[in-house]
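Peer 1: The structure under discussion is supplied below as structure tokens; questions concerning it will follow.
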Amino acid sequence: MVISKEDINQVISKYKKKKITICTIASHSSLHVFRGAYDEGFRRCAVVAKGREVPYQRFKSADEYIFVDKFADVLEEETQKKLRDMSAIIVPHGSFVAYVGLDRIESDFRVPIIGNRNILRWEAERERVTKLFEAANIRKPLKINGPDKIDRPCMVKFPGARGGRGYFVTDSPAGFDEKMKLMIGKGWLTPEDRAKAHIEEYVAGDIYCMHYFYSPLTKEVELLGMDRRHEANIDGLVRIPAKDQMEAGLQPTYVVTGNFPIVARESLLDQAFGMGDRLAEVAEKMVAPGLLGAFCIQTMCTDNLEFVAFEISARQDGGTNTFMNGSPYSYLLYGEGMSMGRRYALEIKRAIKEDRLEDIVT
Ligand code: ADP
């Protein structure tokens, strides 16, 4: 059965406010969560998978480490009890969702999560993301209804977290069939994938991933940072002159290997705020209590200076790693040193002060 808000309210009502510990899975974008918690004076607990402890120990990330064989073991009753006993609040991020699993986060993990545990599922399902974008009037790539309808450059995607492996670009039904064959030959796709292809217009532009924080305490959406991703092999591939690219016959992949910070031209910021505000507003109605805490909209900016959104993260995105000590945007609001992780800690601090912890966790 799905864990209710009342269940979590009960748990948090028993927490000792002076003992609150900020905790997350040691992976993905946890380093600034730990550092941010430290900066705001909280105790920190890292759930570490054995063999993956090096960065967290070397960066002295936590006051307490819970070692598990695999991250999903955080669900074990004994570990959950330990977390509740230390008055732990979990900061969710991509690895938390991927390794612990949506079903079990919704039904078995009775530890307060800062943010909305029920919206995590939405980012993973294209139809739900589309619903959110449509409700929020955010432009998304035009969907093409089947290979036979391809009449312009298209990006063809397949379900599952493949890091873009098997994705391809084509501009005709024949091109689709040809590339499909190629990918099947490589073992990256199977003939059954054909029916699962998601085809959308290819948006020629520049990637901007925008990092927002929505505070239920102030009811305000803050724009805290922006990043671009480094993706292998596409970013390497485009460094080869076009002629050599043709000869090499390599297929592009979009596996994120890192991120770098970026600022948008100032006249684009109005659009960036508008998208964040509208998405938070519709999410509150569609998946109550909404997009609490960090969320991210991944976009392409076209030469018409328009953002076209192709994905969201309904929790802290990996690109927040680009501002562990603040971004140009977080500087404008907070001065030095405001990472997304620290912003979470600040929210918890404010909620404790206003006696409103129940309003920020699920
Ligand atoms: P995944 O989540 O599987 O990694 P994404 O939807 O993030 O896949 O797409 C991977 C990459 O492909 C993006 O970072 C971007 O570079 C590119 N991309 C995605 N959608 C489009 C599109 N409609 N037009 C152009 N490029 C796109």
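Peer 1: Isolated Cys in the chain by the 4.7 Å beta carbon test?
Peer 2: C154, C209, C296, C301, each lacking another Cys Cβ under 4.7 Å.
Peer 1: Say the dipole of the chain comes from +1 at the beta carbon of Lys and Arg and -1 at that of Asp and Glu; which of I22, C301, A280 then lies farthest toward its positive end?
Peer 2: Of the options given, the answer is I22.
Peer 1: Right, another one. Students often forget the sequence filter, so: which aspartates and glutamates lie under 14 Å Cα-Cα from K16 once same-chain residues fewer than 8 apart are removed?
Peer 2: D85, D355, E358
Peer 1: Okay, next question. Do any trypsin sites (Lys or Arg not before Pro) in region 1-39 lie in a DSSP loop with no more than 13 other beta carbon atoms within 10 Å, and if so, which? Provide the component values of the computation, followed by the final result.
Peer 2: On the way: sites: K5, K14, K16, K17, K18, K19, R35; in loops: K14, K16.
Filter output for region 1-39: K14, K16.
Peer 1: Moving on. Heavy-atom accessible area per residue, region 245-330, 1.4 Å probe: how many Å²?
Peer 2: Numbers: 3810 Å² over 86 residues.
The answer is 44 Å² per residue.
Peer 1: So which trypsin sites (Lys or Arg not before Pro) in region 313-361 end up in coil per DSSP with only 15 or fewer other C-beta atoms within 10 Å? Don't jump to the answer; show the numbers that get you there.
Peer 2: Numbers: sites: R315, R342, R343, K349, R350, K353, R356; in loops: R315, R356.
Counting only loop positions with at most 15 other Cβ atoms within 10 Å, the trypsin sites (Lys or Arg not before Pro) in region 313-361 are R356.
Peer 1: Rounded to whole Hz and in sequence order, give me ³J(HN,Hα) for region 297-311 from the Karplus expression 6.51 cos²θ - 1.76 cosθ + 1.60, θ = phi - 60°, writing x for Gly and Pro.
Peer 2: Ordered by residue, 3J(HN,Hα) equals 10, 9, 9, 10, 9, 8, 6, 8, 6, 10, 7, 10, 8, 10, 6 Hz.
Peer 1: Could you please put E53, E40 in sequence from largest to smallest accessible area, using a 1.4 Å probe? Walk me through the numbers before you get to the answer.
Peer 2: Details: E53 50, E40 25 Å².
Reading off the accessible areas and sorting them downward yields E53, E40.
Peer 1: From the square roots a ≥ b ≥ c of the eigenvalues of the alpha-carbon gyration tensor of region 5-115, which class results: rounded (a/c under 1.5), prolate (a/b over b/c), or oblate? List each step's numbers first, then the result.
Peer 2: Values: a/c = 1.70, a/b = 1.16, b/c = 1.46.
In terms of gyration-tensor shape, oblate.
Peer 1: Please work out the average accessible area per residue across region 143-201, using the 1.4 Å probe convention, and give it in Å². Numbers along the way, then the final one.
Peer 2: On the way: 3230 Å² over 59 residues.
Heavy-atom SASA per residue in region 143-201 reads 55 Å².
Peer 1: Now for a different question. Could you work out the helix-only [θ] at 222 nm for the chain, with each DSSP H run of four or more residues adding -39,500 (n - 2.57) and the total divided by the number of residues, to the nearest 500 deg cm²/dmol?
Peer 2: Values: 13 runs with 117 residues, N = 362.
It comes out at -9000 deg cm²/dmol, rounded to the nearest 500.
Peer 1: Rounded to the nearest whole Å², what accessible area per residue is found for region 5-115 with the 1.4 Å probe? Intermediate values should be presented prior to the final figure.
Peer 2: Working: 5050 Å² over 111 residues.
Solvent-accessible surface per residue comes out at 46 Å².
Peer 1: Name the shape class, rounded, prolate or oblate, that the alpha-carbon gyration tensor gives for the chain, where a ≥ b ≥ c are the square roots of its eigenvalues, rounded holds for a/c under 1.5, and otherwise prolate holds if a/b is larger than b/c and oblate otherwise. Please list the in-between numbers first.
Peer 2: On the way: a/c = 1.80, a/b = 1.64, b/c = 1.10.
Because a/c hits 1.5 or more and a/b exceeds b/c, the chain counts as prolate.
Peer 1: List the residue ranges in the chain for DSSP H helices whose C-alpha atoms run 18 angstrom or more along the long axis and whose Kyte-Doolittle average is -1.0 or above. Present the calculation step by step, with values, prior to reporting the outcome.
Peer 2: Values: long enough: 173-186 (20 Å, -0.31); 269-286 (25 Å, -0.16); 340-353 (20 Å, -0.59).
Qualifying helices: 173-186, 269-286, 340-353.
Peer 1: Let me ask something additional. Just how far, in whole angstrom, is region 278-309 from region 28-42 if you go by their alpha carbon centroids?
Peer 2: Distance between centres, Cα-based: 25 Å.
Peer 1: Set the Förster radius R0 to 56 Å, insert the Cβ-Cβ distance between E127 and K18 as r into 1/(1 + (r/R0)^6), and round the FRET efficiency to 0.05. Please report the intermediate quantities before stating the final value.
Peer 2: Details: r = 45 Å, r/R0 = 0.80.
About 0.80, to the nearest 0.05.
Peer 1: Magnitude of the Cβ-charge dipole of the chain, K/R +1 and D/E -1, about the Cα centre, nearest 20 debye? Display every interim value, and only then the final one.
Peer 2: Values: 52 positive and 52 negative charges, 190 e Å.
The calculation lands at about 920 debye.
Peer 1: What aspartates and glutamates could a cross-link reach from K181, if we take a straight Cα to Cα line under 18 Å and drop same-chain neighbours fewer than 8 places away?
Peer 2: Cross-link targets: D148, D171, E192, D193.
Peer 1: On to the next question. Between A174, S87, Y334, whose Cα lies farthest towards the positive end of the dipole of the chain when Lys and Arg beta carbons carry +1 and Asp and Glu beta carbons carry -1, centred on the Cα centre?
Peer 2: S87
Peer 1: Probe radius 1.4 Å, ligands and nucleic acids ignored: give me the carbon and sulfur share of the accessible area of the chain as a rounded percent. Kindly include the intermediate steps, with their values, before the conclusion.
Peer 2: Details: 8680 of 17150 Å².
For the chain, the apolar C and S fraction of the accessible surface comes to 51 percent.
Peer 1: As I understand it, the dipole of region 179-328 uses +1 on the Cβ of Lys and Arg and -1 on the Cβ of Asp and Glu, about the Cα centre. Which of F310, A197, G185 lies farthest toward its positive end?
Peer 2: My answer, from the dipole projection, is G185.
Peer 1: Consider all pairwise Cα distances in region 212-362 and report the whole-number % of them above 18 Å. Numbers along the way, then the final one.
Peer 2: Numbers: 7174 of 11325 pairs.
Percent of Cα pairs beyond 18 Å in region 212-362: 63.
Peer 1: Can you give the FRET efficiency to the nearest 0.05 for V54 and D206, using r as the Cβ-Cβ distance and R₀ = 41 Å? Could you put the intermediate results ahead of the total?
Peer 2: Numbers: r = 35 Å, r/R0 = 0.84.
FRET efficiency, V54 to D206: 0.75.
The values are calculated or read from the model by the stated rules, or taken from the named source; none is laboratory data. What you are looking at is a predicted structure, and each value in this text was computed from that prediction instead of being measured. Reconstructed Cβ throughout: ideal geometry from the backbone, glycine too, with neighbour counts over all protein chains shown. Accessible surface is based on the protein model in full, side chains and every heavy atom, while ligands, DNA and RNA are left aside. Shrake-Rupley method; radii C 1.70, N 1.55, O 1.52, S 1.80 Å.
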